[in-house]
Amino acid sequence: MRREKPAGGIGARLSAWSLRKDLEEIRRRNAFPPPSDEIYHIILIPVIKESREVLEGSLEGLLQNREFLNRMLVVVALESRAEASIKSGVRELKERYASQFFGFQVVEHPDGMPGESRVKGANISFAAKVAGEFLRKRNINFENVIISCLDADTIVGADYFSCLTYAFMVCPDRHRASFQPIPVYHNNIWEVPGFARVVETGSSFFQLVETTNPEKLVTFSSHSMSFKALVDVGYWPPDMVSDDSSIFWKAYIHFDGDYRVVPIPVTVSMDVVNSGSWWRTCVSLYEQKRRWAWGVENFPLVIRGFLKNGKISLFDKCRHAFKLLEGHVTWAAMPFLLTFAGWFPAILAGKEFSGTVLYFNAGRVTQTIFGLSSLVVIGTVIFSMWLLPPKRKRFNLFWTFVHSLEWLLVPVILIFFSALPALDAQTRLMMGKRLSFMSSDKKRGRLP
């Protein structure tokens, strides 16, 4: 029998080839998935100070995935210490949207439970356990359930759960994998100061690059996984700030290295930090980056887990440990080196060194590095203009030029919103000072 070529161009043929490859692997392992109409989704949304407007945008995004609504359990993980206005807003949204989903729960997490810190992981773990009881009462198999932990400001597109369900079904080790979309910070990108726009556009590009190397990819921010796997590993850590990455390492060690992150080619749109004014936004953005950099807390715990686990290969232990350490050291050191290292020979060199070839060529080497970096920045500016969402008002040539000039802030941004927060976090960890979890300000509306 002759196999017909798929219609379309090279993209369609590559897609068909990839699908056949996945199906052959599933057939070889006899790892057939459940029917798509038997797969349920838990959407876990933690809330502590996010406004009704922010949360409502996320719920509206879920409603775009109409074919999955009758199998969606929305769980709003609400902290008991949240303000009364936040709680009332959440309950009003439940009354409005509950009838449109398979289930809608508001789970209030008690404050100060034994063994917990005031972190997001404690909140979402408590809510996930309540969701598990909801499924048990309805005899729904945990193996057929995908849980997605989405920040309150996360807005998914109409094809998000189609892509997620497909990725889950064609993954032979679907209960040994997390599924990571590409986060982009587009919700309020035109409503924040220019420096915040440049910072988060850079973050979006970084996450896009990370997905090209799935062997070293770690879960970040909004992510999904098999609910069975989550239950098996004991949920998110209730005492760690970096819950999104720590759940990957917890699963990786629990399953003796048989765990990975599957990138899915779909974006989720999130908010840029917005505290209402330039200065408060600056402070909040710094605190957010410091919290992200606090992921270095995983390193000693991962190394300790590697030392106790004799089933993970030495090669995998070394490559993951190096990636984890190198990433955080580079994060804190590289911006300083790029900005100041070229000046060190001229400032600190003695008479003997000033006559050497190395001293003579140091300036040229620095100039070459900055020249290549400039080309990268120019390319980033061009791509960002293509990829950013359109403005509400007409985006004329003048404003295109103005927004392009914002990228001249990159040297300052790298120091104050990348290297310094990372150095701050690592120094705090080294000195034994804990970092409390601080939810970032997410506001909609223009700055005054």
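The values are calculated or read from the model by the stated rules, or taken from the named source; none is laboratory data. Everything numeric in this text was worked out from a predicted model, so none of it was measured. Here the Cβ positions follow ideal geometry from the backbone for every residue, glycine too, while neighbour counts run over all protein chains shown.
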Within region 225-259, the count of residues that are part of a strand (DSSP E or B) and hydrophobic (A, V, I, L, M, F, W, C) comes to 1
Breaking point among (1) touching a helix residue (DSSP H, G or I) at 6+ places or on another chain (Cβ under 6 Å); (2) at pLDDT 70 or above, for Gly371: (1)
Being surrounded by 22 or more Cβ atoms within 10 Å (Cβ to Cβ), among the acidic types (Asp, Glu), in the same structural domain as Gly57 (by TED's automatic domain parsing) and part of a helix (DSSP H, G or I), is that true of even one residue in region 204-224? no
Hey, can you tell me all the residues within region 278-304 that are hydrophobic (A, V, I, L, M, F, W, C) and more than 18 Å from Ser245 (Cβ to Cβ)? Trp278, Trp279, Cys282, Val283, Leu285
Taking interchain pairs and intrachain pairs at least six residues apart, which have beta carbon atoms under 6 angstrom, with the first residue in region 279-294 and touching a residue at least 40 places away in the same chain (Cβ under 8 Å) and the second assigned to a helix (DSSP H, G or I) and among the charged types (D, E, K, R)? Arg290/Asp424
Of those in region 217-245 that are over 12 Å from the mean Cα position of the chain (by Cα) and small (Gly, Ala, Ser), the residue farthest from Phe168 (Cα to Cα) is Gly234
Among the residues of region 82-122, count how many are polar (S, T, N, Q) and farther than 30 Å from Trp249 by Cβ. 4
I'd like the full set of residues that are under 22 Å from the mean Cα position of the chain (by Cα) and at pLDDT below 90, limited to region 18-52. Lys49, Glu50, Ser51
Taking only region 260-287 into account, find how many residues are surrounded by fewer than 23 Cβ atoms within 10 Å (Cβ to Cβ) and assigned to a helix (DSSP H, G or I). 9
Among all residue pairs at least 6 apart or on different chains, which show Cβ distances below 9 Å where the first residue, located in region 433-444, is of a type in the set (Asp, Glu) and the second is at pLDDT 70 or above and surrounded by fewer than 19 Cβ atoms within 10 Å (Cβ to Cβ)? Asp441/Lys49; Asp441/Gly276; Asp441/Arg280
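Matching residues to (1) hydroxyl-bearing (Ser, Thr, Tyr); (2) part of a helix (DSSP H, G or I); (3) modelled with pLDDT under 65; (4) assigned by TED's automatic domain parsing to the domain that holds Met430:
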{"position": "Phe322", "(1), (2), (3), (4)": "no, yes, no, yes"}
{"position": "Gly327", "(1), (2), (3), (4)": "no, yes, no, yes"}
{"position": "Pro335", "(1), (2), (3), (4)": "no, yes, no, yes"}
{"position": "Leu338", "(1), (2), (3), (4)": "no, yes, no, yes"}
{"position": "Phe353", "(1), (2), (3), (4)": "no, yes, yes, yes"}
{"position": "Leu375", "(1), (2), (3), (4)": "no, yes, no, yes"}
{"position": "Ser384", "(1), (2), (3), (4)": "yes, yes, no, yes"}
{"position": "Phe395", "(1), (2), (3), (4)": "no, no, yes, yes"}
Restricting attention to region 155-172, does a residue exist that is at pLDDT 95 or above and of a type in the set (Asp, Glu)? no
Can you tell me which of Arg91, Arg81, Arg52, Arg13 is of a type in the set (D, E, K, R) and touching a Gly at 6+ places or on another chain (Cβ under 7 Å)? Arg52
The listed residue being free of Cβ contacts under 8 Å to residues at least 12 places away in the same chain, of a type outside the set (Phe, Trp, Tyr) and touching a helix residue (DSSP H, G or I) at 6+ places or on another chain (Cβ under 9 Å), out of Pro263, Pro300, Pro193: Pro300
Condition check for Lys228: in contact with a helix residue (DSSP H, G or I) (Cβ under 7 Å, 6 or more places away or on another chain), over 22 Å from Phe306 (Cβ atoms) and in the same structural domain as Glu116 (by TED's automatic domain parsing): yes
